[in-house]
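One structure is given here, and the rest of the page talks about it.
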């Protein structure tokens with residue numbers, strides 16, 4: 001796969017998460033984007049996504065760190081599907097954790113050609129199992 | 001999950017595949033959509049997608065049938081991510097086969113509100129393994 005400009009966009013978004021910089025983080029989302037907070041719980045719109053991230057940061061005692069272990073980019077008609085090996089680590093209730101997810105992120109280009117995240121679903125196709133579809 | 005209008009769109013597209021109705025099938029795609037034909041092989045644009053499907057129909061000796069065993073819909077900012085348990089069956093070289101994939105389909109709404117497929121990736125996050133990202 002050739003290198004894709006979205007790689008640096010996603011790395012910058014991860015940096016904003018790791019620094020808990022909500023103002024910077026919100027710049028990566030389209031106005032009516034949807035974040036899958038957990039299976040069955042979606043946050044739609046920048047304000048709700050911002051509140052969800054603030055709650056996530058609190059939940060993990062401000063220890064959450066995210067990085068991508070590998071990414072695949074598929075682009076079509078002004079949209080892009082990013083498949084990512086998303087690695088999360090931190091500490092919860094005194095125990096350190098390492099989580100690996102196979103995530104699915106959808107982006108679209110705005111009229112200036114800038115990529116904005118429209119759907120942030122770190123659970124990938126595992127949502128099928130969580131919702132009883134498999 | 002509530003019922004989503006994309007369910008009937010995808011069922012109609014599957015019907016077009018099963019009937020090898022390429023004219024009807026192409027109506028579901030955006031002009032510059034991308035079909036992941038197989039890992040590492042993408043077809044972009046309606047004409048190339050049409051040719052890819054014609055080759056797929058030939059490859060399976062016109063036996064290919066597709067249906068969705070379960071779907072999850074996540075919508076954000078005029079786009080939708082469909083996660084699907086995609087079931088394929090048919091006959092190849094005299095042997096019947098049943099394949100299950102956890103697929104990822106991206107749609108966007110056009111100016112009339114009609115959903116068009118922009119990225120058709122039946123391999124879902126398995127592309128990460130195929131391309132060495134995991």
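Derivation of every value follows stated rules applied to the coordinates shown; laboratory data play no part. Note that this is a predicted model, so its numbers are computed, not measured. Don't worry about glycine lacking a Cβ; one is built from the backbone with ideal geometry, like all the others, and counts go over all protein chains shown.
Could you tell me which residue of region A:74-101 is farthest from residue B:117 (Cα to Cα), considering only residues that are touching a helix residue (DSSP H, G or I) at 6+ places or on another chain (Cβ under 8 Å) and either more than 14 Å from chain B (Cβ to nearest Cβ) or surrounded by fewer than 20 Cβ atoms within 10 Å (Cβ to Cβ) (or both)?
The qualifying residue farthest from residue B:117 (Cα to Cα) is A:92.
Among (1) out of contact with any strand residue (DSSP E or B) (no Cβ under 7 Å at 6 or more places or on another chain); (2) under 30 Å from residue A:38 (Cα atoms); (3) surrounded by 15 or more Cβ atoms within 10 Å (Cβ to Cβ), where does residue B:16 come up short?
(2)
Residues are listed down the side, and each one gets a yes or a no for (1) touching a residue at least 24 places away in the same chain (Cβ under 8 Å); (2) within 13 Å of chain A (Cβ to nearest Cβ); (3) touching a helix residue (DSSP H, G or I) at 6+ places or on another chain (Cβ under 7 Å):
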site: B:5; (1), (2), (3): yes, no, no
site: B:8; (1), (2), (3): no, no, no
site: B:14; (1), (2), (3): yes, no, no
site: B:24; (1), (2), (3): no, no, yes
site: B:29; (1), (2), (3): yes, yes, yes
site: B:34; (1), (2), (3): yes, yes, no
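Is it fair to say residue A:61 is more than 14 Å from the chain's Cα centre (by Cα), more than 11 Å from chain B (Cβ to nearest Cβ), touching a residue at least 24 places away in the same chain (Cβ under 8 Å) and at positive phi?
In short, yes.
For residue A:107, state whether it is surrounded by 16 or more Cβ atoms within 10 Å (Cβ to Cβ) and assigned to a helix (DSSP H, G or I).
no
With the requirement that a residue be within 21 Å of residue A:91 (Cβ to Cβ) and not in a helix (DSSP H, G or I), what does region A:6-27 give you?
A:19, A:20, A:21
If we scan region A:65-76, do we find a residue that is part of a loop (DSSP other than H, G, I, E, B), over 12 Å from the mean Cα position of the chain (by Cα) and without any contact (Cβ under 8 Å) to a residue 60 or more places away in the chain?
Looking through region A:65-76, none of the residues is part of a loop (DSSP other than H, G, I, E, B), over 12 Å from the mean Cα position of the chain (by Cα) and without any contact (Cβ under 8 Å) to a residue 60 or more places away in the chain.
For region A:28-55, name all the residues that are exposed (fewer than 15 other Cβ atoms within 10 Å of the Cβ) and assigned to a loop (DSSP other than H, G, I, E, B).
A:40
Is one or more of the residues making up region B:110-128 surrounded by 18 or more Cβ atoms within 10 Å (Cβ to Cβ), free of Cβ contacts under 8 Å to residues at least 12 places away in the same chain, facing chain A (nearest Cβ under 7 Å) and touching a strand residue (DSSP E or B) at 6+ places or on another chain (Cβ under 8 Å)?
Looking through region B:110-128, at least one residue is surrounded by 18 or more Cβ atoms within 10 Å (Cβ to Cβ), free of Cβ contacts under 8 Å to residues at least 12 places away in the same chain, facing chain A (nearest Cβ under 7 Å) and touching a strand residue (DSSP E or B) at 6+ places or on another chain (Cβ under 8 Å).
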